[in-house]
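Any read-out appearing in this document is the output of simple, stated calculations on the displayed coordinates, not a laboratory observation. None of these values were measured; they are calculated from a predicted model. Cβ coordinates were reconstructed from backbone atoms using ideal geometry, including for glycine residues, and neighbour counts include every protein chain displayed.
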Amino acid sequence: MTDGQHTFRVLRFDSADDETPAYQTYALEASPGMTVLEALLRIQAEQDGTLAFRYACRGAVCGSCAMMINGREELACRTQVRDASRQGRTVYTGSAREEVEAPGSDAQMITVEPLRNLRVIKDLVVDMEPFFDKLVAVEPWLQPEQAHPPRERRVGPGAWAEAEPYTNCILCACCHSVCPVAEQEPGYLGPAALAQHYRFLADVRDQAGEHRLALVDGDDGVNGCDFAWNCVHICPRGVPPTKGIAKTRARITRERRGDGRQ
Ligand code: FES
């Protein structure tokens, strides 16, 4: 028993060459439950050893296998071939900020492309360095006043509930890929970095306060968000970056009013 013959249409590109990106197709008989990552591994092993892509955990934990699958940001290790070829999936067009239905005219055809808004190094491998630079810029670590308390810093369930959803981020960059502002503004910190910023802003143990708010105050920070909500819809881990951005923005406004600056 199989899930049928599928054609994988993969966007190929090598930054070491001058050639323009081009699609290459591979035919593969999909076994039941086969994921897109498993299909790519089969293609790489049996048909084309030059095909490049990233993966590590194969369990939706490390975030390294994120790619565009039939026009939608997905984790390849969590996306079954059968589901990827289903008609009527919702995809998000970054700049237009609108939802469209994937054409799905050929249910057996699966188009695989690299993430958007990041430079392609080879095939499905993108340069994650600018993405991680932005993450580091928001200082995603705890900054308490007291460096070493005699006992652990305790957080009650109620206090933790605000920060907890943001701890589920696996830094796959799906949200960065689908963000219309990241597409237009290379300096914009982006939903992943701003979500991680809010994770620490909401943490009752963190006392970076004004310093932390200043890290994201401006058009490259929370003011840059257009509230498209694409990032919330696409996140494979249910992280809501837009909510965190809105709350950070509101807090900056409140603090300014308190200072008499606005
Ligand atoms: S391989 Fe780790 S998330 Fe897919």
- How would you classify segment 117-197 from its alpha-carbon gyration tensor, with a ≥ b ≥ c the square roots of the eigenvalues: rounded for a/c under 1.5, else prolate if a/b is greater than b/c, otherwise oblate? prolate
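Report the per residue volume, in Å³, of the convex hull enclosing the C-alpha atoms of the chain. Intermediate values should be presented prior to the final figure.
On the way: hull volume 42.0 nm³, N = 262.
In the chain, the Cα hull volume divided by residue count equals 160 Å³.
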- Message: What do you get for GluC sites (Glu not before Pro) in segment 1-94 restricted to DSSP loop and a cutoff of at most 10 other Cβ within 10 Å of the site's Cβ?
- Response: Glu19
- Sort His233, His211, His148, His176 so that the residue with the fewest other Cβ atoms within 10 Å of its own Cβ comes first and the one with the most comes last. His148, His211, His233, His176
- Listed residues Gly156, Gly187, Gly49; largest mean-square fluctuation, Gaussian network over the chain with Cα springs below 10 Å, found at Gly156
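For n ≥ 4 DSSP H runs only, could you compute -39500 (n - 2.57) per run for the chain, divide by its residues and tell me the 222 nm figure to the nearest 500? Each step should come with its number before you reach the end.
Working: 10 runs with 82 residues, N = 262.
Computed ellipticity for the chain at 222 nm equals -8500 deg cm²/dmol.
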- Longest site-free stretch - the chain; sites: trypsin sites (Lys or Arg not before Pro), DSSP loop, at most 13 other Cβ within 10 Å: 155-260
- Per-pair calculated FRET efficiency, R0 = 51 Å: Asp83 and Ala159 via Cβ, rounded to 0.05: 0.85
- Message: Neighbour counts of other C-beta atoms within 10 Å: give me Tyr55, Tyr23 arranged from fewest to most.
- Response: Tyr23, Tyr55
- Mean-square fluctuation maximum in Gaussian network of the chain, Cα pairs under 10 Å, restricted to Ala214, Ala193, Ala84, hits Ala214
- Query: Gly4's amide H: which non-local residues (gap 5+, or another chain) put their own amide H closer than 5 Å, with H modeled 1.01 Å from N in plane and none for Pro or chain starts?
  - Reply: Ala30
- Message: Below 8 Å, C-alpha to C-alpha, sequence gap of six or more: please give me the relative contact order for the chain in percent.
- Response: 17
- Message: Taking the beta-carbon count within 10 Å as an exposure proxy, list Thr79, Thr20, Thr93 from fewest neighbours to most.
- Response: Thr20, Thr93, Thr79
- Task: Run the quick spin-label model on Glu183 and Ala214: label points 7 Å from Cα toward the beta carbon, then report their separation in nm to one decimal.
- Result: 3.5
